[in-house]
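For reference, the structure is listed below as structure tokens.
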Amino acid sequence: MAMSITEACIGCGVCLPECPNGAIDADDSGRYFIRFGLCTECLTVHERPRCLSLCPIPQCIEPSQRRTETKEDLLRKVHRIAIHRAFRALDSAEGN
Ligand code: SF4
């Protein structure tokens, strides 16, 4: 399942540039969150969630309780994101 950022977050921002999917963002109040649709638990890229490895605060990043996902679900998400990126790259190469 996707990861989520809990109330323990101090907003240090160390995770944001490290997410390979750009899934981490901050709202207007500076509170960090993870976009469920873009978080793949770093499957196929890192051995464990990169944000979890880097975060200095205990219990700040945890598996989301909102929805459960199997490894197959996450792999489908990895493929969907890759296809979306490929089309975007193609569009910008063609000047669209
Ligand atoms: Fe990004 Fe990986 Fe953290 Fe998900 S687990 S938010 S993909 S760094």
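What follows draws every value from the coordinates through simple rules; no lab data is involved. The shown structure was predicted, so the numbers you read here are calculated from the model rather than taken from an experiment. Cβ sites come from the backbone with ideal geometry, for glycine too, and all protein chains shown count toward neighbours.
Each residue in the stretch 42-73 was checked for being surrounded by 13 or more Cβ atoms within 10 Å (Cβ to Cβ) and either without any contact (Cβ under 8 Å) to a residue 40 or more places away in the chain or not hydroxyl-bearing (Ser, Thr, Tyr) (or both), and 18 of them qualify.
Would you pick out the residues in the stretch 21-67 that are within 6 Å of the ligand (Cβ to nearest atom) and at negative phi? The answer is Asn21, Ala23, Ile24, Ile34, Cys39, Thr40, Pro49, Arg50, Cys51.
Residues checked against (1) surrounded by 13 or more Cβ atoms within 10 Å (Cβ to Cβ); (2) in a helix (DSSP H, G or I); (3) free of Cβ contacts under 8 Å to residues at least 24 places away in the same chain:
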{"position": "Met1", "(1), (2), (3)": "yes, no, no"}
{"position": "Ser4", "(1), (2), (3)": "yes, no, no"}
{"position": "Ala8", "(1), (2), (3)": "no, no, no"}
{"position": "Cys12", "(1), (2), (3)": "yes, no, no"}
{"position": "Thr40", "(1), (2), (3)": "yes, no, no"}
{"position": "Leu75", "(1), (2), (3)": "yes, yes, no"}
{"position": "Phe87", "(1), (2), (3)": "no, yes, yes"}
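Scanning the stretch 14-29 for residues that are farther than 20 Å from His84 by Cα, surrounded by 10 or more Cβ atoms within 10 Å (Cβ to Cβ) and out of contact with any Leu (no Cβ under 8 Å at 6 or more places or on another chain) yields a count of 1.
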